[in-house]
Amino acid sequence: MLIDLQQDWAARLVADGFARFDRISTRAQLLTLGTSLGRVVAHRDSDDDGVTTLQDRGGIAKMIGYEGFGVGALSPHTDRSGVAEPPALLLVVCGRKSNSGGECVVIDGCSVYNDLAMNNPEAAHALSQPRTALFGGAAGYLGSIFEHAQRGRIRVRYRNDGLVKYSPEITRFLPVLTASIKRHTTCFTLEPGQGYVLHNHRWLHGRTAFTGDRVMYRLSLEPHPEVAIPSGFARPDGSVVVAG
């Protein structure tokens, strides 16, 4: 069900870290919606207004970190994992749908963590250990997939490509993590003018391969203080507590 962000987007984002919307037909409307949520954060690939246009750009998509500009599948990830403080909110709107494929892929990191904490606590513990994952290359960020933050919150940071290196201590748990991600994957199609907003410290996102001239518009945002959207998700009762 699509929701009216003007009425209950804040409640939905606070509770679930995710909301869908529609009726965004112009770039100006996209920016108006985005700036009502938070401060626009420039991206490496964004235009001057902060909007990134995601469409097929041919050969550039063969470069590591530029796969979003091709027609292939984009594996689940969180945005800007290689920086210390990735943007909190990600807003995506469909400008033109594909001929086939191109479904949006989203995974709630809270569900993945709870799954591991209940069914494989050793994996949840290992994947929460500091300094076990180097994101973004040699000059990137050294951290963990599940990061225990202030006030009992947990944040997710994840990618699975050539711009991440995992320590030997956790590599044996990666297949378990991958299986859990697959179990909690949701796919859906967007029509032009429809979109979604998610909390980048909680949700993974990606897409399926497609044909045709698919165009999506993306904004990275830091929520306004008055919006009060908490980072990540609350640690469940009985979850793993990282020592130190």
Cross-chain or 6+ apart pairs with Cβ under 7 Å, the range 155-182 first and free of Cβ contacts under 8 Å to residues at least 60 places away in the same chain, then outside any loop (DSSP other than H, G, I, E, B) and not aliphatic (A, V, I, L, M): L174/Y166
Verdict on G70 being more than 19 Å from I145 (Cα to Cα), crowded, with 18+ Cβ neighbours inside 10 Å and either hydroxyl-bearing (S, T, Y) or free of Cβ contacts under 8 Å to residues at least 24 places away in the same chain (or both): yes
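For every residue, the table says whether it meets (1) surrounded by fewer than 20 Cβ atoms within 10 Å (Cβ to Cβ); (2) farther than 26 Å from G68 by Cα.
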position	(1), (2)
N120	yes, yes
A123	no, yes
G152	yes, yes
L174	yes, no
R183	yes, no
Among the residues listed as D48, D56, the single one being without any contact (Cβ under 8 Å) to a residue 24 or more places away in the chain, open to solvent by 70 Å² or more (accessible area, probe 1.4 Å) and over 17 Å from L90 (Cβ atoms): D48
Qualifying residue in the range 189-201 (condition: in contact with a Phe, Trp or Tyr (Cβ under 6 Å, 6 or more places away or on another chain), crowded, with 21+ Cβ neighbours inside 10 Å and hydrophobic (A, V, I, L, M, F, W, C)): yes
Considering residues of the range 9-30 that are under 14 Å from P223 (Cα atoms) and modelled with pLDDT of 90 or more only, the residue most open to solvent (accessible area, probe 1.4 Å): F18
Test: residue in the range 167-183 that is modelled with pLDDT under 95 and basic (K, R): no
Hey, V92 in contact with a Cys (Cβ under 7 Å, 6 or more places away or on another chain), buried (at least 16 other Cβ atoms within 10 Å of the Cβ) and hydrophobic (A, V, I, L, M, F, W, C) or not: no
Residue within the range 216-238 that is at pLDDT 95 or above, in a strand (DSSP E or B) and either over 18 Å from A88 (Cβ atoms) or of a type in the set (V, I, T) (or both) present: yes
Residues satisfying the stated conditions in the range 110-164, i.e. of a type in the set (S, T, Y), farther than 18 Å from S75 by Cα and in a loop (DSSP other than H, G, I, E, B): S128, T132, S144
Cβ pairs under 7 Å, 6+ apart, first in the range 212-233 and open to solvent by less than 10 Å² (accessible area, probe 1.4 Å) and among the polar types (S, T, N, Q), second part of a loop (DSSP other than H, G, I, E, B) and modelled with pLDDT of 85 or more: S220/H43; S220/D79; S220/P87
Condition met for P86 (open to solvent by less than 20 Å² (accessible area, probe 1.4 Å), part of a loop (DSSP other than H, G, I, E, B) and over 14 Å from D161 (Cα atoms)): yes
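The values are calculated or read from the model by the stated rules, or taken from the named source; none is laboratory data. Model, not experiment: these values are computed from the prediction. With ideal geometry, Cβ positions are generated from the backbone for all residues, glycine too; neighbour counts draw on all protein chains shown. Keep in mind that these areas ignore ligands, DNA and RNA; they rest on the heavy atoms of the full protein, side chains included. Shrake-Rupley method; radii C 1.70, N 1.55, O 1.52, S 1.80 Å.
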